[in-house]
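Report on the following structure.
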Amino acid sequence: YSKEWLYNLATIVTMLYPNFFGNPVSYNYQWPFDNYQNYSEQSVYLGLVPLALAAGSLFAFPKRRKAIVIAAVALFCIGVAWRLPGFELVNHLPVFSAVLNKRLKMPFVLQVAVLAGFGYDELRRRVEAWRPGRKGSLYASGAILLVTLGILLFIAFLKYVGPRLFEIDPVSFLYHLLYRVFSSGQLKTMIPAVVAVAVLVGYVLFTRSRSLRSGFGYLLIALTMVELLVLGWGYNPMMNESEMFPPVQGVEILKGDEELFRIMTTDEIFWPNYPAVYGISDVAGYDLPVAFRYSDLYLAQGGVQDHRQVWDPSWPLLDLLNTRYVITSQELEPDRFVLIHSTEEYRIYENRYALPRALMVYDVAVIEDQATMLERVL
């Protein structure tokens, strides 16, 4: 059981309004719960029209059986990603316990997109032939659109009527939601509601005209393309590599050393994984998976359990692990570390006693007990 599932369940609303909690590009992203979250991994949005069509596919024949199987796979992915009760067990199974299962949201989105294809086929067939048939798929799709509009109307009610009924704390998430996310200047936030209205109006107009019925499917595709383009515009801008990772004198100094070496940093100056862009090895790890024996060495020296390792220059195992350079804002002991570069923001020290990456050892003791092995190494 994980208490996070209640927080994660709140992200259902981002299936309808991806910017419900704000957007980093608009500088108004705010996750109101205790657990760690970010915009990219919180979002499960694939477009309002595809979501509505996916709901309708569960009532579409003759592909209903296939749709139910795919929906079950989608439910499994999102259940594990959100750590829902029952599904949380999967997070503790072998293999699953070693990875970041919140990213199962991506195959969930893929499955829902496939369901949207089934729903689209059924809708085109029904609209073009105008067969009454089973209307379950139309009702399910329409419900998604109406809920989208209902949320916007409820937000508008809170925004314009709420202050007369009760006081809204300026530092609360509700205030943030009403006046920073759903403000008149945040037009992207309103896009799903605009699409919902366009689909409902288009359905009425196109289905009443025999000559226009075939165009309704193309309208849905066009709306989806425009919606996703508008919502995604500017979120992942194209940049030159030189602008993302500009030349830095300290990095150039390190790259000038042609021998194998590792570095370590303190004070969040050079985050683990960033050196990999420059071909520089870091003694610290950033994310799972990390070899458990290496993790044991880190923790036994006084390291803190986290998704990234933060090493300390005073640890003697730095020498054994080929850590030749330390990047820090601190002053280090001169008998062990030699200052080779200094700026206002950071200093680079060379470790006098760093051993080479590979070395020959002649005095060997064979120890099988893991705890004793760790103690002897330390």
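The values are calculated or read from the model by the stated rules, or taken from the named source; none is laboratory data. All of these numbers come straight from a predicted model, not from anything done at the bench. When we count neighbours, we look across all protein chains shown, and the Cβ atoms used for this are built from the backbone with ideal geometry, even at glycine. Quick note on the areas: whole protein, heavy atoms, side chains included, nothing else; ligands and nucleic acids left out. Shrake-Rupley method; radii C 1.70, N 1.55, O 1.52, S 1.80 Å.
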List pairs: first in the stretch 330-344 and farther than 16 Å from ASP312 by Cα, second open to solvent by 30 Å² or more (accessible area, probe 1.4 Å) and aliphatic (A, V, I, L, M), Cβ under 6 Å, 6+ apart or cross-chain? HIS341/ILE253
Restricted to the stretch 210-241 and to residues being modelled with pLDDT of 80 or more and of a type in the set (Gly, Ala, Ser), the residue farthest from THR343 (Cα to Cα) is GLY215
Among residues of the stretch 152-175, those that are open to solvent by less than 60 Å² (accessible area, probe 1.4 Å) and assigned to a helix (DSSP H, G or I), counted: 8
Please enumerate the residues belonging to the stretch 176-197 that are open to solvent by 70 Å² or more (accessible area, probe 1.4 Å) and outside any helix (DSSP H, G or I). SER184
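Table: residues versus (1) open to solvent by less than 60 Å² (accessible area, probe 1.4 Å); (2) free of Cβ contacts under 8 Å to residues at least 60 places away in the same chain.
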| residue | (1), (2) |
| --- | --- |
| VAL13 | yes, no |
| PHE87 | yes, yes |
| VAL90 | yes, yes |
| LEU93 | no, yes |
| VAL99 | no, no |
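Here is a yes/no grid of residues against (1) in a loop (DSSP other than H, G, I, E, B); (2) of a type in the set (Gly, Ala, Ser):
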site: TYR235; (1), (2): yes, no
site: PRO247; (1), (2): yes, no
site: GLY250; (1), (2): no, yes
site: LEU254; (1), (2): no, no
site: PHE270; (1), (2): yes, no
site: TYR298; (1), (2): no, no
site: VAL310; (1), (2): yes, no
site: PRO313; (1), (2): yes, no
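Do we find that ARG103 is closer than 25 Å to THR224 by Cα and open to solvent by 80 Å² or more (accessible area, probe 1.4 Å) in this structure?
Spelling it out, ARG103 is indeed closer than 25 Å to THR224 by Cα and open to solvent by 80 Å² or more (accessible area, probe 1.4 Å).
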Could you tell me which numbered condition PRO272 fails, if it satisfies all but one of (1) within 27 Å of GLN37 (Cβ to Cβ); (2) without any contact (Cβ under 8 Å) to a residue 12 or more places away in the chain? (2)
Please go through the stretch 336-353 and pick out each residue that is surrounded by 12 or more Cβ atoms within 10 Å (Cβ to Cβ) and either in contact with a Leu (Cβ under 7 Å, 6 or more places away or on another chain) or not in a loop (DSSP other than H, G, I, E, B) (or both). PHE337, VAL338, LEU339, ILE340, HIS341, ARG347, ILE348, TYR349, GLU350, ASN351
Residues of the stretch 319-335 being surrounded by 13 or more Cβ atoms within 10 Å (Cβ to Cβ), over 17 Å from PHE270 (Cα atoms) and either modelled with pLDDT of 95 or more or more than 33 Å from the chain's Cα centre (by Cα) (or both), which ones? ASP319, LEU320, ASN322, LEU332
Matching residues in the stretch 354-378 (over 37 Å from the mean Cα position of the chain (by Cα) and surrounded by 14 or more Cβ atoms within 10 Å (Cβ to Cβ)) number 3
